[in-house]
Structure formats: structure tokens, C-alpha cells
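Some notes on the structure that comes next.
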């Protein structure tokens, strides 16, 4: 199933997106008002039995799937080519263990919402197209063998970054967490619909120019290993978001750099998952 959150007649709903439109239930939404609350309580729900309303795509404004309750868990330098482009081709800087940082949920915006250029705060605004994993059930000390059993689904994430703030503060949080720095969505595709999350094409375009082109097969640390590592001594909960890292082709990786500016449009495409687009203003 492909879940979306949308606004219609000033009300916010979540539902199941199909080619012809979106199926939803005001009754279900009254019990689980957000997609996140549904993910947290999804066990035993027969969605198709409950859902009895329909809306055309043209009548709905698609929003971010949900606002995470906790910081988004992000993986840095999880593609070898990206690690090299960020370190001057220094093989010694390719991670031996996952590089983990977090991003504030207050940064999250939805598809077609505007990324604030924050021109007073940064002159090095960058994009990072990523596959995001949504955890579906609570777990701790999860083995790699069982890790994918804890996944609810997958979506697209743009880990927008102020490179100069990242360098200035020597930690990633502020440079990653300014308002609007977390485009997210447009939908969450359940894990049963994804044949192999480690075999998905991922591309990022800026104003129609292809900047990033790779495949999730090239992750240094695959999804099952990331879940094992993150859950080692730390409980993962339904609705937790893991942004799995970005491939090469970020703005900072070009010579000279190709940073974002007001008026740019960023488009991220991931096979099977969909397309996430946002303008910079």
C-alpha cells in the first residue's frame, strides 16, 4: 500500500493512494488522526474494510507523510563516492562504521513546499537525495537477520544542508536543521511493495539538470546493518525515520561548487517510491 497525508476542504486526512485517486476513512482518521498514529497502532487494522471514501488527486493537497516525534536519524557518507567527493578523494576517510547524526523534526516540510534559502544564515545551501526508512514496530538489539521485519515502509528525504554552518559548528545538527531543511514524502510505500530496498535507482535533478545518479545497492552500510547498529542498546519505535545517506553529486562536490539559490527547483526520484519536488525561495 502507498499511504499519503493530504488536505481537503481545510481538513487533514491520511489515506491509501491508488492510480485513480486516494481512498480514506473519516472514521479511521477520527481514531488515528495522523499517519504517524496509524503506524504506531497499525497492527490488526483491516484498512480496506474500514476505508469507504474516495477523493480525486486534483482535490487533494499532498502534505508530508507526518512530522516525526523524534529527531530524524541520518547516516553520513554512506556511499563511497560521496565520502570521497567530500574528503578530496581521501580513501582513509571512507567510514568503517556508520556515521550517525540527527536532524530536527521541525525542519520537515512536504512535497511542493518551499525550501527557505536562509540567505542571512548561509551562502552554501546544498541538497542530498536519500531513501528514508520508516520503522514499523518497537525493537531493541535487533539482528541484521530480523531487521527488515521492523520496517513499515520507505519514502524519499532531502537532507538539505548549510555546508558553511556544518563546518563552522563542527557538528551536523544546526547546519541540517534550519526550518524547511527536511523535505519528506510524498508517500510512504509499505515494505511488501518494495522488491528489494537495496536495488533502487536514486536520482536528483536541479532545474532539470541531473546532479545525482546512483543506486541503493552502493550503500556502504545497508539498511539491515543500519537498523542493527541503531538498535544496539537503543530502542527503535514505530514512526522513527532513518535517512540512509546520499550518493555523490551534491553541490559541494562540484568544482566550482553548485550550491542552491532562490528560484531553483530540486527533484528527487527513487524507483518504485516516487518523486519529491521542492522550490527554493
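Just one of (1) touching a residue at least 40 places away in the same chain (Cβ under 8 Å); (2) not assigned by TED's automatic domain parsing to the domain that holds residue 227 trips up residue 81, so point out which.
Looking at each condition in turn, residue 81 falls short on (2).
Here's the yes/no breakdown for (1) in contact with a strand residue (DSSP E or B) (Cβ under 7 Å, 6 or more places away or on another chain); (2) without any contact (Cβ under 8 Å) to a residue 12 or more places away in the chain; (3) more than 22 Å from residue 113 (Cβ to Cβ):
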residue	(1), (2), (3)
228	no, no, yes
238	yes, no, yes
241	yes, no, no
246	yes, no, no
250	yes, no, no
253	no, no, yes
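Among the residues that make up region 190-210, is at least one of them farther than 24 Å from residue 224 by Cα and assigned to a loop (DSSP other than H, G, I, E, B)?
Within region 190-210, one or more residues are farther than 24 Å from residue 224 by Cα and assigned to a loop (DSSP other than H, G, I, E, B).
For region 96-153, enumerate the residues that are assigned to a strand (DSSP E or B) and over 17 Å from residue 35 (Cα atoms).
Result: 99, 100, 101, 102, 103, 115, 125, 126, 129, 130, 131, 139.
Residues checked against (1) surrounded by 15 or more Cβ atoms within 10 Å (Cβ to Cβ); (2) over 15 Å from the mean Cα position of the chain (by Cα):
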site	(1), (2)
77	yes, yes
96	no, yes
110	yes, no
118	yes, yes
144	no, yes
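Out of 210, 200, report the one residue that is surrounded by fewer than 20 Cβ atoms within 10 Å (Cβ to Cβ), under 15 Å from the mean Cα position of the chain (by Cα) and farther than 24 Å from residue 107 by Cα. Quick ask: steps written out before the conclusion?
Numbers: 210 fails: under 15 Å from the mean Cα position of the chain (by Cα).
Only one candidate qualifies: 200.
In contact with a strand residue (DSSP E or B) (Cβ under 8 Å, 6 or more places away or on another chain), more than 21 Å from residue 252 (Cβ to Cβ) and either at pLDDT 95 or above or in the same structural domain as residue 206 (by TED's automatic domain parsing) (or both), is that true of residue 129?
no
Does residue 164 satisfy being over 15 Å from residue 134 (Cα atoms), in contact with a helix residue (DSSP H, G or I) (Cβ under 8 Å, 6 or more places away or on another chain) and in a helix (DSSP H, G or I)?
yes
Could you please give the count of residues in region 25-39 that are surrounded by 19 or more Cβ atoms within 10 Å (Cβ to Cβ) and either in a helix (DSSP H, G or I) or on the phi > 0 side of the Ramachandran plot (or both)?
6
Would region 120-128 turn up any residue that is surrounded by 24 or more Cβ atoms within 10 Å (Cβ to Cβ), within 14 Å of the chain's Cα centre (by Cα) and under 28 Å from residue 195 (Cβ atoms)?
Yes.
Quick check, is residue 249 outside any helix (DSSP H, G or I), crowded, with 22+ Cβ neighbours inside 10 Å and on the phi > 0 side of the Ramachandran plot?
Considered against the rule, which asks whether it is outside any helix (DSSP H, G or I), crowded, with 22+ Cβ neighbours inside 10 Å and on the phi > 0 side of the Ramachandran plot, residue 249 comes out as yes.
From 67, 22, 16, which residue is within 25 Å of the chain's Cα centre (by Cα) and either touching a residue at least 40 places away in the same chain (Cβ under 8 Å) or assigned to a loop (DSSP other than H, G, I, E, B) (or both)?
67
The values are calculated or read from the model by the stated rules, or taken from the named source; none is laboratory data. Keep in mind it's a predicted model, so treat the numbers as computed, not measured. Note that we place each Cβ from the backbone using ideal geometry, even for glycine, and neighbour counts take in every protein chain shown.
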